[in-house]
Ligand SMILES: [Zn+2]
């Protein structure tokens, strides 16, 4: 490995002297008892979705407490659930994060949540492509996964996203994948899709 020279290299774990990748990975797995990843919308009206999913699933600790060692460093957390906030809660934007979380902590449940009156239901793919063409002079018609640009039917979008996750090589086949609909006004969660992992 080349000698690191960046200004913040002391904060890069893999740049520390004596770095041992398998030992580091083991330490991360011990640091957070993670089991569930929630993929939800970045809409500021629905920031409580991870909390609602933790209550829905039961047997979850969220947000948990940060564990601080004798030196004052933040070295872990008691949480079992973490969340990825992306536009409309579409899975396509979250798959890399799921893979990283699986690699470092292990993932048993992946929960996709789409919510009522989402901004993702306020436009069409054609409308967004057209506006980028006029307002920015750019063609985004092939820039994104066509089935993930917006939401026109919640059962279809949740089915699409759970299938997308299930078919991804970066998602553990043992993980259970859920697709839930969230009522933005009442906070009610409705299970639309459940795809059990292979044991
Ligand atoms: Zn939304």
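Structure above, values below:
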| read-out | value |
| --- | --- |
| Enumeration of residues in the range 173-199 that are buried (at least 17 other Cβ atoms within 10 Å of the Cβ) and assigned to a loop (DSSP other than H, G, I, E, B) | 175 |
| Given (1) surrounded by fewer than 18 Cβ atoms within 10 Å (Cβ to Cβ); (2) out of contact with any strand residue (DSSP E or B) (no Cβ under 6 Å at 6 or more places or on another chain), number of the condition residue 164 does not satisfy | (1) |
| Test for residue 18: is it away from the ligand (no atom under 16 Å from the Cβ), part of a loop (DSSP other than H, G, I, E, B) and in contact (Cβ under 8 Å) with a residue 40 or more places away in the chain | no |
| Filter pass, residue 108 being farther than 19 Å from residue 161 by Cα, surrounded by fewer than 21 Cβ atoms within 10 Å (Cβ to Cβ) and away from the ligand (no atom under 16 Å from the Cβ) | no |
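Just so you know, all these numbers are worked out from the coordinates, no wet-lab data involved. Please read these numbers as outputs of a predicted model, since none were measured by experiment. When we count neighbours, we look across all protein chains shown, and the Cβ atoms used for this are built from the backbone with ideal geometry, even at glycine.
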